[in-house]
Amino acid sequence: MHNKFPHLFEPFKIDSVNLKNRITMAPLFTAYAHKDGSVSSLTLEHFEEIAKGGVGMIVVANAIVDESGSVSKHSLRVDDDRFLPGLSRLADTIKKEDVVAVLQINHGGHFAQGRKTISPSSVSLSDLNLGGLYKTALKSLDFQQQWAVLSEAIQQHPKQPKKMTEDDIKYIISAYAKAAVRAKKAGFDMVEIHGATGYLIVQFLSPRINNRKDKYGGDLENRMRFPLELVQAVKDAVGNDFPIGYRFLADEWMDDGFPLDEAKIFAQRLSALHVAYLSVTAGTYESFSRPVIVEKSHELGYMVYLAQQIKEVVEVPVITTGRITSPELAEEILREGKADLIGIARPLFADPQWPKKARKGNEKDILPCKDCGTCFQLVVSDRPALCAQWGKAKLIERKTMIKEVHNPRKKILIAMDGSENATMGAAYAADMLSNRKDVFITLIHIQTDEPDNDQQGINEMMDIARSLLIKAGIPKEAISVHISKKEVGIARDILREIAEGGYGTVVIGRRGISKAQQFLFGSVSNKILQNTGDYTVWVVE
Ligand SMILES: Cc1cc2nc3c(=O)[nH]c(=O)nc-3n(C[C@H](O)[C@H](O)[C@H](O)COP(=O)(O)O)c2cc1C
Ligand code: SF4
């Protein structure tokens, strides 16, 4: 047992899942995913760094269960099987460091982006004093940035969300269940249902938002129905061997909101359903900006009293979060039995080595979170998270990676088959892209075993294409040549390259083949056109 912090470094078991210590990373949304919601290399890098710092469990924030619930252009998505390969890599990255991997799943309800939001009631956001989220974010921005954020907010949030029908409710519950099954398939150890911060589940629980007259609104029993049905559906879908955690709102911190006494009853119901843990938090986007709450949330361990009160009424482990900045404080909370596990979000973002430093007794070296709010202000205005405490080298490295994810260079593939049309394709691309510095171009040739395969001719053609592009002002280092042997078929090989390389534009010359040949075999360009996925094709004839 560790001498200085024996409770903090004591192993723990959540159902059948073993944690090497009691330190968990609470979800911290970073906006590091690709714009399509897939896992980016930046996401992997971020979580690898946290996992290597010695934490026992990581909750990956805010993966969206249905497109209608996306809260940011760069939220992770788990609403389709196409996200599975990236999510599997993410789960592996975390687990290979002997860290438990949890995926938090969410639907934003009326806080989602886009014009067609859904919520239990058609209450307009301005009626709810939405301003809070943005007011908090705006304080540190200059005048121009404030306008940008405000105008985006106005566009994103329609005045009134659509009131969910019972069919909508069934559909969203099944979306959560399917998302959890995907998380399990991807290799995560658990999912965490996001029942806090004011998102869809809270919109059902809150008496000030939910004004439904049917079985999903009114008294507490009815307001709890949606989350309880949802948890049960997720459990049924994933089976008993896959634990389901829950991010729990213990108090909405609004006068007419969801209060602690109701939260205690709800916690007992979740406990009876055998959720794996309750990660206790409080407040929503609307209450975060209330002066009294702003003041309160600067205090160390400001939500521990809530975790303690919830722990007293449930049978499942409780995680407490909120300004638990030092190992000494974390140790004290555990020693006094106020919670079972410690959740840390910002202090781990500031210094991923927090657990290792504490373990070695070097807690004085921990780079502290200053509670400055920069990371939060960035993500609520849909920008990627950075920490004001990071040194220059880390900031530069992170910003470079962020640029590739948020403003990726346009990747263009030019298929070079040795024909005159292919060279014309390259000339056309040079003309269209002249002086562009934000592109990355690959000239690709698939070699066949046919006797007329003129390798020298191909090399010369590649040189011509390259010099055409350079003459047009495209930087040399942005042009690469890729020659590979045919594996399946020319069109199929090119299609695979397009998908794996993430190309957005494909330039291809159509060979002068006869109509009869095209009818029988289909030309390469036809096959690529017919397969059009998430890319544009320029066919040059
Ligand atoms: C930038 C940022 C993003 C957050 N994103 C999420 C989230 O996606 N899901 C969630 O349940 N909580 C989220 N939180 C809340 C944290 O998990 C945590 O409860 C809060 O920051 C207090 O803990 P801390 O003082 O350790 O940061 C976020 C907090 C911050 C600052
Ligand atoms: S120091 Fe500021 S930016 Fe860094 S984690 Fe803490 S609050 Fe966020």
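Computed from the coordinates by the stated procedures, all read-outs in this text should not be read as laboratory data. Since the structure is predicted, the reported quantities are computational estimates derived from the model, not experimental observations. With ideal geometry, Cβ positions are generated from the backbone for all residues, glycine too; neighbour counts draw on all protein chains shown.
Mean separation of Cα pairs under 8 Å and 6 or more residues apart, divided by the residue count, gives segment 12-406 a relative contact order of 18 percent.
Between 0 and 90 degrees, the angle of helix 41-52 with respect to the longest Cα principal axis of the chain falls at about 40 degrees. Using just its DSSP H runs of length 4 or more, each adding -39500 (n - 2.57), the chain gives a mean residue ellipticity at 222 nm of -12000 deg cm²/dmol after division by all residues. Of the beta bridges DSSP finds with both residues in the chain, what % are antiparallel, to the nearest 5? Counting DSSP beta bridges with both partners in the chain, the antiparallel share is about 5 percent. A Förster radius of 60 Å, combined with the Cβ-Cβ distance separating Gln447 from Lys13, puts the computed FRET efficiency at roughly 0.60. Shown for Asp219, Asp463: other C-beta atoms within 10 Å of each C-beta, ranked fewest to most, produce the order Asp219, Asp463.
Taking other C-beta atoms within 10 Å as the exposure proxy, His110, His298 rank His298, His110 from fewest upward. Distance between the C-alpha centres of segment 98-120 and segment 1-70: 17 Å, rounded to the whole angstrom. What's the angle, to the nearest 10 degrees (0 to 90), between helix 420-432's Cα axis and the longest principal axis of the chain? Rounded to the nearest ten degrees, it is 50.
Exposure proxy ranking for Met25, Met424, Met254, based on other Cβ atoms within 10 angstrom of each Cβ and starting from the fewest, stands as Met424, Met254, Met25.
What residues of segment 161-202 lie in the reach of a label at Asn211, counting those whose backbone N is under 15 Å from a point 7 Å from the Cα along Cα→Cβ? Label zone hits: 161-164.
Across the chain, the convex hull enclosing all Cα atoms gives 179 Å³ per residue.
If you average the C-alpha positions of segment 381-434 and of segment 311-379 separately, how far apart do those two centres end up, in angstrom? Their Cα centres are 37 Å away from one another. Taking the 0 to 90 degree range and rounding to the nearest ten, how far is the long axis of helix 84-95 tilted relative to the main principal axis of the chain, both from C-alpha atoms? Result, in degrees: 50.
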